[in-house]
Amino acid sequence: MLLQARALCLVWLALAAAAPANAACEDGIVDGRIARIEVDRIVLEEGEVLRLADIRPADETATARRLAPLRGARVSGTKAGTEDRWGRRAARLVLTEGGTDLAQSLVAEGLAIVDPGEQDGLCRRGLLAVEDDARRRRVGMWESEIPLPAADPAVIASSVGRFALVEGRIVSVGERTRWTYLNFGRDFARDFAVSIPRRRWDEMKRRGLSAAALRGRRVRVRGIVEMRRAPGMEIATADVIEQLEDDAPDTGRKAGRGARPGGARGDDQGAGGSAPAGGGTR
C-alpha cells in the first residue's frame, strides 16, 4: 500500500511538473543531439546553446558531471524565444529515448533548485512540488541545506550575494509609488523584506495576489539576498512566492546555510520612498 501511495505521488509530481505556465516558454521546438555539456550550458550538434529552464544548479560542476554521460544523446522539447545575456536559450529538454525530463530529474535528486532566472515566470510551476519532495526526503543539497528563517535577519545577512530560500510570515505589505514591500518584521533597519517593482506588482495583482491576501500569511520566497540597511531580496514574479500549507508561526529553529547555486513601522498605506528593500521606508 505504501509503495502504491509512493508511486501515485511520483506520478502526480511528474504530471504537475509537465504543465507549462506561460506561452513564452514554448516559442520554439528543440530536436537534436547533445554535442557537449559545460558547467552552465548544453550545446547541441547543430550549434544551438541552451540552458535548462526553471532551475539553478546547486553545484554547476557536479551537475555538469551528472549530465556528462548524456553526450551524444538525442533530446527534444521546447525553448524560449529570446537568448539571455550569455547567448543561451532556456529550454525544457527530454531524452528521446526513455523520456527523462532533465531539469525535473536534477531537481528530484536535489542537484538543482527551482529558479526562473531572467524569465518573467516559471515555465513549469509544478517543479516547485518536485523540489519540495526532494527537500522532504533530504536528498542532494537538501541533506545539509534548509530555507533560512525570515525571523533571523543575521542568518539571512550571512548569505548576501547568494541565491537563497527564506521562509516566514509577512507582517505587513507596503504599497508605494515605485515599489511594493513584503515586510517580515517591524524594524525597517533590521528586518528582512522582499521588494517588488511596481509593474511586476500590478501583474501579480492581476493574477489574484493582493496586500490583503498576503498580509499575515506564512510564505517561502527565493532569490538573491541583498543588503542595504537590512537584508532583503527583489523578486519579479508571483511564481517565487509560495504560500505554505502549514501556515504555522515561526518556531525560531536554527537554520543552516542558504540554498546556493529604521524606525517604527506605520500602517501599510503610510508615506514611503522608492528605494528597494532595506534602502528606504517600507
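Here, each number is a calculation from the coordinates, and none is a lab measurement. All of these numbers come straight from a predicted model, not from anything done at the bench. Don't worry about glycine lacking a Cβ; one is built from the backbone with ideal geometry, like all the others, and counts go over all protein chains shown.
Name the shape class, rounded, prolate or oblate, that the alpha-carbon gyration tensor gives for the stretch 93-141, where a ≥ b ≥ c are the square roots of its eigenvalues, rounded holds for a/c under 1.5, and otherwise prolate holds if a/b is larger than b/c and oblate otherwise.
Oblate is the answer for the stretch 93-141, as a/c is 1.5 or above yet b/c matches or exceeds a/b.
Subtracting the Cα-Cα distance from 0.36 nm times the residue separation, let me have the gained length for Met227 to Arg206 in nm, one decimal.
Extending this stretch completely gives an extra 4.6 nm.
For the stretch 148-243, state the semi-axes of the equivalent ellipsoid (square roots of 5 times the eigenvalues of the alpha-carbon gyration tensor), sorted largest first and rounded to whole angstrom.
Over the Cα atoms of the stretch 148-243, the semi-axes work out to 20, 13, 13 Å.
Determine, for each peptide in 160-169, 100-109, 42-51, the mean count of other beta carbons within 10 angstrom over its residues, then list the peptides with the highest first.
Peptide ranking by packing, descending: 100-109, 160-169, 42-51.
For the residues Ser158, Ser210, what sequence is obtained by ranking on other C-beta atoms within 10 Å, fewest first?
Ser210, Ser158
So what is the relative contact order for the stretch 81-179, in percent, with contacts set as C-alpha pairs under 8 Å and at least six apart?
16 percent.
Using Cα pairs closer than 8 Å and at least 6 residues apart in sequence, work out the relative contact order for the stretch 148-243, in percent.
33
So if each residue of separation counts as 0.36 nm, and I subtract the Cα-Cα distance between Val39 and Ser76, what length gain in nm does that give?
Stretched fully, the Val39-Ser76 segment lengthens by 11.3 nm.
What is the pair-distance distribution P(r) of the stretch 16-112, computed from all Cα-Cα distances in 5 Å bins starting at 0, with each bin given as a whole percent?
3, 14, 26, 29, 21, 8, 0
Using the basic label-point model (7 angstrom from Cα toward the beta carbon), what is the Asp27 to Glu118 distance in nanometres?
Each label point is offset 7 Å from its Cα along the Cβ direction, giving 1.1 nm.
Taking 0.36 nm per intervening residue step and subtracting the Cα-Cα distance, what contour gain separates Glu60 from Glu83 on full extension?
6.3 nm
What's the center-to-center distance, using Cα atoms, between the stretch 143-215 and the stretch 58-134 in Å?
So the separation of the two Cα centres works out to 26 Å.
Would you mind working out the magnitude of the charge dipole of the stretch 79-157 relative to its Cα centre, with +1 at each Lys and Arg C-beta and -1 at each Asp and Glu C-beta, to the nearest 20 Debye?
Value, rounded to 20: 180 debye.
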